Amino acid sequence: MLLNINKDKFKSDYQEKFIEINGKELSEGADYDKYEALAGLIRDYVAKLWVASNKKCSFSHQKQVYYFSMEFLLGRLLGTTLLNLGIRDMCKEALSELGIDLDKLEELEEDQGLGNGGLGRLAACFLDSMASLNIYGHGCGIRYKYGFFEQKIIDGAQVEAPDDWLKNGNVWEIKKPDEAEIVKFGGYVDMINQGGRLVFYQRDYEPVMAVPYDIPIVGYENGTVNTLRLWSAEPVVDEFDFSSFSRGEYSKAVDYRNSVEAISQVLYPDDTFYEGRKLRLKQQYFFVSAGIQSIIKKFKACGGNIKELDDSIAVHINDTHPALAIPELMRILMDEEGLGWDEAWRITTDVMSFTNHTIMPEAMEKWPVSMFQELLPRIYMIVNEINERFCRQLWNLYTGQWDKIARMAIIADGYVRMAHLAVVGSHSVNGVAKLHTEILKKEVMADFYYLDPKKFNNKTNGITHRRWLMKANPGLASLLRQTIGDSWIRHPIDLERFERYAYDGAVQAELESIKKANKERLAHYIKEHNDITVDPSSMFDSHIKRIHAYKRQTLNCLRIMDLYNRLLDNPHVNIVPRTFIFAGKAAPGYYLAKNIIELINAIADKINNDPRVNDLMKVVFLENYRVSLAEVIIPASDLSEQISTTTKEASGTSNMKFMMNGAITIATLDGANIEIRDEVGDDNIVIFGLTSKEVLNYYRNGGYSAADVIEAAPALKRVLDDLINGKYSKDKDKFRAVYDSLTTYNDEFFVLKDFVPYLEAQARVDEMFEDRIKWNKMAIVNIAHSGIFSSDRTIEEYAVGIWGSDYLYKNL
Ligand code: 26V
């Protein structure tokens, strides 16, 4: 054990901590007091390891990795921290001897929800894996005062409420005011000739103080504690001293404070449509500048030679959002460290690497030049120079090909294109699943790929099996221990050994009873939150993710509506009873997505209250989807819906979480679904729908007609009519947005084309589910092949293939 703590010591520490924090006896405390005391105590334990780990890290020659991301969707930290410290079982027992239920206390922790979805959760899984693999890998982001909004469903529609996650404080963070950095916005740049060298000074700028809050990231039973550093914006008090009040500048001082505090006030809750908002650009430069400055400061304090920065430091850019790290590092190397352009550029591109997470054109970031230049005058000069040099290089290669050069330029048509900046300024560009990387190479970034093919590589996403299996599904983790031992905990690929039990009757029975218990827990949650009674022996069929047209929740809706029609037509039709579970948030300004939520709830309302079908189908929309809710739904699911329009889902990561928990996947050949299919084989997954070739062909050459598809499928025509004939709402126009997107606007995401194949695939699922031996075999094969989707594998690939960061875990 890393911490020298036994049960008795823990008990006495805990009682002491309780009194210290609450000023009363444990017996008089409320549950939340007990939670706070526990989290506080664990934080103290972690702090000791953290100091030791930081010391080791400062004096080691191992490369330091900094993962820059606008989003880190950590969820709760108490349970996973206890697990990684290796003391969870001991604490559970000790607390239970004190009459306290650890699971119950863990439920009281607020989710740390500083992310929109997949991209932010991936960053969190990566932090866990980096620490667990002994990589000195730290996170850098923004400490948003308000996280991703809280979703309420009122009269079937989404209503957003602020996520005031800091209202009770945050035990996991430590504020470090002495490590604050100043970030400069606006003003002018003076160029001064100093002995033949041009020197740049920014003046009359608005200064913002970036104050870091550090969160410890504990590795799995290895003593490593890395840091997630989140920056908060505060006014620089000196700049507006008290004399300004007497000069009547009070309101100016207030304006300044407000404009500064706005920077880290709120996470943009939209991962679908890019809007050129100045505040978002400010957020990006704010955390990137603070982060790079603090890295350089620390590097120099440890005696580093700036010309060898790239030997010691790797900075990873999570999507284009932190791409300003590139010109910011250039600025520091040239303006503050005095390096020339070429040397600064070599170091910068060596340090930087970049991951793309979406091919959706509407999510691509580009900033109006005028806004960019006004807000970041010096950074603009540098980006402009990067662009000019790059275009010159293109001109030499592709002389006369103006179109191509304009297509590839970083600045064009009055915009700064962040993806181009990120590609040009990094030594590595990766996609997040094989298909996605191929589409990047051959379609979206083809020009850049042909220019420099070596730069491009794939790193298929992964998920941390510590949170998503060990923590979320202790029953399954224990079955795995009993059957194949515990080597899979450090080497998740060893889960393959579980395949030997595919047809073992006793293991199948045990697996089924674990699933049943998880389903009962979810059924209880559903009863409590939605007041709907669901049958745990029905198939739990889950579709949980952001609500977006390309993720095709509508396809799922249409088939549920079709099933309802068929049951009403013929009550004796042979189907497996199902509970259809949905959860997910819509971007507040995304009308269609919100309309889809209303549709799901209307369908639920209708079906759940129809006694003719009630024992065969139930529909549930669980509000406020978040990490901690996913941890309850996923282990309780039989079927995982991964039905995006092929080519559109870069990877998906819930698909991996579901398979690791023994759910069977119904999927299109999109994102990582393809790799899941390759791992488990066609017999253990249900695939349907258009191929990427077919979809790309439609996009390139047209020829898709929604009307023709409807014409050919009467059942489809009927459910489409049901959307607007008053069946699901008295207001016949209520679902007009959904209806029009599928018909009038010619069904951009080919929902209708995949409808019949989807129904056929679902019929196959029914058949398989009824054969319990077959179904359990499939579940076992899925679990056994999920190890490759551990983020430990992904991080090893990043470490070796991109960051050049050694790690020690093999020597443990
Ligand atoms: C994009 C934008 C653009 C508009 C402004 C706000 C904003 C915020 C976030 C994003 C990122 C969207 C990209 C994203 O989340 N992609 C998801 O990344 C997952 C991890 O790689 C992947 O599994 C999902 O398939 C992919 O959709």
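Data table
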| quantity | calculated |
| --- | --- |
| Structure-based [θ]222 nm, the chain - -39500 (n - 2.57) summed over DSSP H runs of at least 4, per residue, nearest 500 | -14000 deg cm²/dmol |
| Amide proton proximity set for residue 232, modelled H, under 5 Å, gap of 5+ | 143, 211, 213 |
| Simple spin-label estimate for residue 569 and residue 682 in nanometres, 7 Å along Cα-Cβ | 2.9 |
| Rounded, prolate or oblate (a/c below 1.5 giving rounded, otherwise prolate when a/b exceeds b/c) for the range 148-303 by Cα gyration tensor | oblate |
| Rg and Dmax [Cα atoms of the range 619-748; Å; Rg one decimal, Dmax integer] | 17.5, 47 |
| Phi-based couplings in Hz for the range 527-543 (Karplus 6.51, -1.76, 1.60; Gly and Pro marked x) | 4, 5, 8, 10, 6, 10, 8, 10, 9, x, 8, 6, 6, 8, 10, 10, 10 |
| Long-range tail of P(r) for the range 509-551 (Cα pairs > 11 Å, %) | 70 |
| The range 30-74: chymotrypsin sites (Phe, Trp or Tyr not before Pro) in DSSP coil with no more than 15 other Cβ atoms inside 10 Å | 59 |
| Radius ratio Rg over Rh of the range 459-574, counting only Cα atoms, Kirkwood formula for Rh | 1.05 |
| Relative contact order %, the chain, counting alpha carbon pairs below 8 Å whose residues are six or more apart | 13 |
| ³J(HN,Hα), Karplus 6.51/-1.76/1.60, whole Hz, each residue of the range 713-729, x for Gly, Pro | 9, x, 5, 5, 4, 5, 5, 5, 4, 4, 5, 10, 9, x, 5, 9, 6 |
| With at most 12 other Cβ atoms within 10 Å, longest stretch of the chain clear of loop GluC sites (Glu not before Pro) (DSSP) | 276-812 |
| Under Karplus coefficients 6.51, -1.76 and 1.60, residue-wise ³J(HN,Hα) of the range 698-704 in Hz, glycine/proline x | 4, 5, 6, 10, x, x, 8 |
| 10 °C / 1.306 mPa s Stokes-Einstein diffusion coefficient of the chain, Kirkwood radius on C-alpha pairs, µm²/s | 56 |
| Cα-Cα P(r), the range 733-792, percent of pairs per 5 Å interval | 4, 15, 12, 12, 12, 13, 12, 12, 8, 1 |
| Cα-based equivalent ellipsoid of the range 69-213: semi-axis lengths in Å, sorted from largest, via gyration tensor | 41, 22, 15 |
| Accessible area of the chain belonging to carbon and sulfur atoms, whole % at 1.4 Å probe | 50 |
| Largest-first principal axis extents, alpha carbons of the range 582-673, Å | 39, 34, 26 |
| Relative contact order (percent, whole number), the range 140-192, Cα cutoff 8 Å, 6+ residue spacing | 25 |
| Cα Rg, Dmax, the range 350-463, angstrom units | 14.5, 47 |
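The values are calculated or read from the model by the stated rules, or taken from the named source; none is laboratory data. These numbers come from a predicted model, not from an experiment. Reconstructed Cβ throughout: ideal geometry from the backbone, glycine too, with neighbour counts over all protein chains shown. Surface accessibility is based on the protein's heavy atoms, side chains included, excluding ligands, DNA and RNA. Shrake-Rupley method; radii C 1.70, N 1.55, O 1.52, S 1.80 Å.
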